[in-house]
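K.L.:
Before we start, here is the structure in question, set down as structure tokens.
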2 protein chains.
Amino acid sequence: MSIEDNIRKVTPYVPGEQPVGKVIKLNTNENPYPPAREVGEAIRNMNMENLRLYPDPECMSLRKALADRFDYDPENIFVGVGSDDVLSIAFLTFFNSDKPILFPDITYSFYSVWADVYNIPYERIHVDENLHIKKEDYYRENGGIIITNPNAPTAIGESPKFIEDILKHNKDSVVIVDEAYVDFGCESVVDLIDKYKNLVVVQTFSKSRSMAGMRIGYAIADKNLIKVMSDVKFSINSYTMNQPALQAGIASVQNEEYFRDCIDKIISTREYTKERLESMGFTSTDSKTNFLFVTHKDIKAEYIFEELKKRKIYVRYFNLPRINNYLRITVGTREDMDVLIENLEDICNL
Amino acid sequence: MSIEDNIRKVTPYVPGEQPVGKVIKLNTNENPYPPAREVGEAIRNMNMENLRLYPDPECMSLRKALADRFDYDPENIFVGVGSDDVLSIAFLTFFNSDKPILFPDITYSFYSVWADVYNIPYERIHVDENLHIKKEDYYRENGGIIITNPNAPTAIGESPKFIEDILKHNKDSVVIVDEAYVDFGCESVVDLIDKYKNLVVVQTFSKSRSMAGMRIGYAIADKNLIKVMSDVKFSINSYTMNQPALQAGIASVQNEEYFRDCIDKIISTREYTKERLESMGFTSTDSKTNFLFVTHKDIKAEYIFEELKKRKIYVRYFNLPRINNYLRITVGTREDMDVLIENLEDICNL
């Protein structure tokens, strides 16, 4: 026997590259606009002497701010170190059945990684040929369901009615709806948590709130579900949210107008870029996110990806079955997108 | 069947109370001194616009700063959201045997919580009647070992030779040495990681570096062990350390002098307090930490705990077998300790 025998073997999730230097970075769905000015001020105005003290393990101030925004109670809110932390705890808390959990074959690639690390059986359900989730495929026995809406990397958003149909057919399972991109034009199902006591809605500050660097995510659900998630969290790490994260999070939530302005600009740039790309021979799904998922009628995605990289423009290419001829392109500023378009025109010899 | 059946049932760790308002807080082993001035400056001087970007998932800048301080390579360093995050990942990574892991019956109470949540079999080994760990008890087959040194809440520190004897007898197990309090007068075994490829040393910024509010902990070990810990970490949450944590951590590590000054003051106040308490009828272990673990010859610990609480002085009382007549008292400023002493004199009718 050796120590090797008892080491957990995993295939970790691989995040998008983090290139340094002067590049156009359209590969990790970051927001091109800075967070609200008040976010930086909240951090700068902290009493730095108090960093000697533990933060509130209950994160009550941030949970209250989020509760006010969504018109729920703090007991309906769980906060974590990015939505990945929240989702990981939700998997550990809710997915303890011998039956497989269900999620689409084309979706956030972290789901299968968490399932593997926590020994959760799972089944990937094929999306249709247009990359749409077929809700009827989720009307069957299971150990839990997780749906990203809008889905990633397909960018396709479904209606609250669509999600509610899945909920109606799964009253004995916890259904997690990962709404990381919901603010970019999709309708949230957060209003359904009172009606469906098995629904967990997860959102993040990383995309629409321009705060990927702060690591803040949250879940909204029935108080009983939040309570058991908190119990599991307190069995792993009591104090996860540091003082700057709590302060920055509150300042962001209290700046709804700036938040809406940034989103409007991104949606407008997305539609502009989509039109330009389509005129170049690209096909794009109907994106409800801050990225486009595109394929070109003649030119291989991998080739375009490599060519863009040579020109210091980073987009995301997944060498995975069914989507290995697609590119996921984050919507940056209008200026970023014009540089992208110019380079794509060149690569496509237009 | 209902959703209840698949929910993970746990008994979470309960952290010390976080009272608000004007109190003397000697219950969670926080440092009474603020972090180095440069820590606050590093946070204030951040480019807040860059918060829109993900932090470096590899945390390379902070790992380099720590590697420089300990004279290792960044590949020997793992950083996490407080040492609880680091320890939790280490448990998940290394403790996958059917044989029980071993730790003292009186030690950090989170160990059994992690073992429970991750389904790790464990055995608690009795410390002796003077609360000392008996190293020979760890010379036997096991699925891993974790030792806190100095131990908490006993405050007793052991020599590197003592730890090395345990390592020598356990070459087929991963041995974690949790050195959360090591800077307050105990000698680290960090120099042994080259010699013992199965040793993981864990330290924290929360105590000696006055940064409980920032959530930074780290492990130092052979590169192979750090690599597998990182793989597990990347299977749970790619981006855990937010931008302020990375900046603040670097600034702290680069201020060795301030760090040493604070520690010297705390050690001096600890010895002063210990002497005063002993003159009142208390017995104290030989503390190598920033807290005292004391028991009174006549008066019940629980009574003293409650009386102090009425006077808005918070210390920690564990209603647990073998130590339910002890108090754990964090070493605060000299002024805090004089108020404590005065109140204890009153409670003890001196």
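The values are calculated or read from the model by the stated rules, or taken from the named source; none is laboratory data. Nothing here was measured: the structure is a model prediction, and the numbers come from that model. In this analysis, Cβ positions are derived from the backbone assuming ideal geometry, glycine residues included, and neighbour counts consider all displayed protein chains.
K.L.:
Looking at the stretch A:29-41, can you tell me whether even one residue there is under 16 Å from A:ILE216 (Cβ atoms) and hydrophobic (A, V, I, L, M, F, W, C)?
P.N.:
yes
K.L.:
Filter the stretch B:98-109 for residues that are over 26 Å from B:PHE184 (Cβ atoms) and assigned to a loop (DSSP other than H, G, I, E, B) and give the result.
P.N.:
Listed by number, the residues that qualify are B:ASP98, B:LYS99, B:PRO100.
K.L.:
Same structure again: Please report, ordered by residue number, the strands (runs of 3 or more DSSP E) entirely within the stretch A:227-340 with at least 3 residues that are in contact with a helix residue (DSSP H, G or I) (Cβ under 8 Å, 6 or more places away or on another chain) and over 30 Å from B:PRO244 (Cα atoms).
P.N.:
A:291-296
K.L.:
So, in the stretch A:234-254, of the ones that are facing another protein chain (nearest Cβ under 7 Å) and of a type in the set (Val, Ile, Thr), which residue ends up farthest from A:THR204 (Cα to Cα)?
P.N.:
A:ILE236
K.L.:
Now, a different point. Has the stretch B:233-245 got any residue that is outside the structural domain of B:ASP183 (by TED's automatic domain parsing), at pLDDT 95 or above and small (Gly, Ala, Ser)?
P.N.:
Step one: list which residues in the stretch B:233-245 are outside the structural domain of B:ASP183 (by TED's automatic domain parsing), which gives none.
Within the stretch B:233-245, not a single residue is outside the structural domain of B:ASP183 (by TED's automatic domain parsing), at pLDDT 95 or above and small (Gly, Ala, Ser).
K.L.:
Of (1) touching a strand residue (DSSP E or B) at 6+ places or on another chain (Cβ under 8 Å); (2) outside any loop (DSSP other than H, G, I, E, B); (3) surrounded by fewer than 21 Cβ atoms within 10 Å (Cβ to Cβ), A:LEU62 satisfies all except one. Which?
P.N.:
Exception for A:LEU62: condition (3).
K.L.:
Same structure again: Checking A:GLU49 against (1) at the interface with another protein chain (Cβ under 7 Å from one of its Cβ atoms); (2) in a loop (DSSP other than H, G, I, E, B); (3) over 20 Å from the mean Cα position of the chain (by Cα); (4) surrounded by fewer than 21 Cβ atoms within 10 Å (Cβ to Cβ), which single condition isn't satisfied?
P.N.:
It fails just one condition, (2).
K.L.:
With the requirement that a residue be aromatic (Phe, Trp, Tyr) and loosely packed, with under 14 Cβ neighbours inside 10 Å, what does the stretch B:297-350 give you?
P.N.:
Passing the criteria: only B:TYR303.
K.L.:
Checking B:GLY16 against (1) of a type in the set (Gly, Ala, Ser); (2) in the same structural domain as B:ARG215 (by TED's automatic domain parsing); (3) in contact with a Ser or Thr (Cβ under 7 Å, 6 or more places away or on another chain), which test does it fail?
P.N.:
Evaluating B:GLY16 over (1) of a type in the set (Gly, Ala, Ser); (2) in the same structural domain as B:ARG215 (by TED's automatic domain parsing); (3) in contact with a Ser or Thr (Cβ under 7 Å, 6 or more places away or on another chain) leaves (2) as the failure.
K.L.:
Return the residues of the stretch A:1-32 that are in a loop (DSSP other than H, G, I, E, B) and facing chain B (nearest Cβ under 7 Å); say none if nothing qualifies.
P.N.:
Within the stretch A:1-32, A:MET1, A:SER2, A:ILE7, A:ARG8, A:VAL10, A:PRO12, A:TYR13, A:PRO15, A:GLN18, A:THR28, A:GLU30, A:ASN31 qualify.
K.L.:
B:MET214 fails exactly one of the following numbered conditions: (1) surrounded by 24 or more Cβ atoms within 10 Å (Cβ to Cβ); (2) more than 26 Å from B:VAL331 (Cβ to Cβ). What is the number of that condition?
P.N.:
If we test B:MET214 against (1) surrounded by 24 or more Cβ atoms within 10 Å (Cβ to Cβ); (2) more than 26 Å from B:VAL331 (Cβ to Cβ), just (2) comes out false.
K.L.:
Additional query: Could you tell me which residue of the stretch B:103-124 is surrounded by the fewest Cβ atoms within 10 Å (Cβ to Cβ), considering only residues that are of a type outside the set (D, E, K, R) and under 22 Å from B:SER287 (Cβ atoms)?
P.N.:
The qualifying residue surrounded by the fewest Cβ atoms within 10 Å (Cβ to Cβ) is B:SER109.
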